[in-house]
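Throughout, read-outs are computed from the coordinates displayed, never taken from laboratory work. Source: prediction; values computed, not measured. Here the Cβ positions follow ideal geometry from the backbone for every residue, glycine too, while neighbour counts run over all protein chains shown.
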Amino acid sequence: MGVIEIEDKSILQPLFSGWEETLIWSCLQNVMGRAFADREKDPCSAQLVIGDFCFLSGKPDAELIANKPSGRQSDFIIMVPNDEAWSEAIEKVWKSSASRRSRYAIKKEPDVFDRELLNRAVESLSPSFSLRMIDEGLYRRVMEQDWSRDLCSQFSDYEDYRKRGIGVVALSGEEVVSGASSYTVYHGGIEIEIDTKKEYRRQGLAFSCGAKLILECLKRGLYPSWDAHNPGSVALAEKLGYHFDREYPVYEITGY
């Protein structure tokens with residue numbers, strides 16, 4: 001059958017209909033990411049690759065599951081199956097290289113946020129830290145460090161981030177120690193990424209950074225979408241006003 005890269009991603013919309021995931025929207029809107037299918041006309045199976053994620057829908061297809069986009073350097077990816085048939089196919093193709101994990105979907109509720117609560121969260125930051133929106137200098141510092149790179153890594157360069165992205169960092173003196181930023185963007189919103197340097201965790205930095213980013217998004221008419229990789233991320237989201245939706249399976253692939 002083969003694998004075809006799809007330029008007009010809108011033709012894949014029916015295969016992902018009803019899937020409430022902003023990374024999928026980013027790709028189908030041709031904002032970010034790449035798309036592949038079993039054929040260009042009336043495709044039955046599709047793969048969307050954006051950042052560290054790969055979404056699979058339609059009829060399970062082993063060639064799409066094995067497909068690694070040209071130019072992709074990372075040997076790690078998180079595959080998100082649309083159903084159990086895809087899950088079984090992923091396990092069959094990747095065998096011991098596939099580790100099944102859970103992620104946690106958070107409800108997308110545009111009018112749920114309490115601005116007073118979020119302002120208090122920003123103000124709760126210890127005076128030994130400060131918050132700053134990500135400018136060119138901070139972007140470069142964020143990109144220099146492994147722990148913080150995901151805050152801005154899906155943008156081609158600072159100019160791309162300046163035009164389309166949005167983010168905030170917490171500083172200890174001049175050191176970047178935590179941040180909340182747009183992992184990806186889509187029409188009308190962003191997907192939030194929050195990271196804190198290991199030795200600065202459990203000091204409320206993610207809480208304050210997350211609150212500041214949500215407030216800045218609301219000012220700009222953007223929806224700050226959240227998807228959690230562990231129960232701690234769910235708890236932080238709920239503290240900021242979000243509501244848990246459901247747990248769902250993904251596969252972490254090594255040797256991709």
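So between K59 and L117, what do we pick up on full extension, going 0.36 nm a residue minus the alpha carbon distance? Walk me through the numbers before you get to the answer.
Details: separation 58, 0.36 × 58 = 20.88 nm, distance 4.48 nm.
So the chain would gain 16.4 nm between K59 and L117.
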Report summary line: In debye to the nearest 20, the charge dipole size for the stretch 26-167, taken about the Cα centre with +1 at each Lys and Arg Cβ and -1 at each Asp and Glu Cβ, equals 100 debye
Report summary line: FRET efficiency for E175 and S153 from the Cβ-Cβ distance with R0 = 30 Å, rounded to 0.05, comes out at 0.95
Query - Distance between modelled label sites at E109 and C44, nm, 7 Å Cα→Cβ extension - result: 4.1 nm
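Report, in deg cm²/dmol and to the nearest 500, the calculated mean residue ellipticity at 222 nm for the chain, where each DSSP H run with n ≥ 4 adds -39500 (n - 2.57) and the sum is divided by the residue count. If you can, show how the numbers build up before the last one.
Working: 8 runs with 72 residues, N = 256.
So the helix-based figure for the chain works out to -8000 deg cm²/dmol.
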Query raised in the report: Counting alpha carbon pairs within less than 8 Å and at least 6 residues apart, what relative contact order, in whole percent, applies to the chain?
Result: 24 percent
Query raised in the report: What pairs from K9/K239; K163/K212; K68/K219; K92/K198; K92/K197; K108/K163 go past 29 Å between their alpha carbons?
Result: K9/K239; K68/K219; K92/K198; K92/K197
Report task. Give the Rg/Rh ratio for the chain, taking Rg as the radius of gyration of the Cα atoms and Rh as the Kirkwood radius, to two decimals. Result -> 0.98
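Need one number for the stretch 4-105: average projected area of the convex hull over its C-alpha atoms, nm².
Details: hull surface 24.6 nm².
Taking a quarter of the hull surface, the average projection is 6.2 nm².
Quick check: residue separation of K239 and D8 times 0.36 nm, minus the Cα distance between them. What number comes out in nm? Please list the in-between numbers first.
Numbers: separation 231, 0.36 × 231 = 83.16 nm, distance 3.94 nm.
Difference between extended and current length: 79.2 nm.
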Report summary line: Under a Gaussian network model of the chain whose springs join Cα atoms within less than 10 Å, the largest fluctuation of S156, S26, S181 belongs to S156
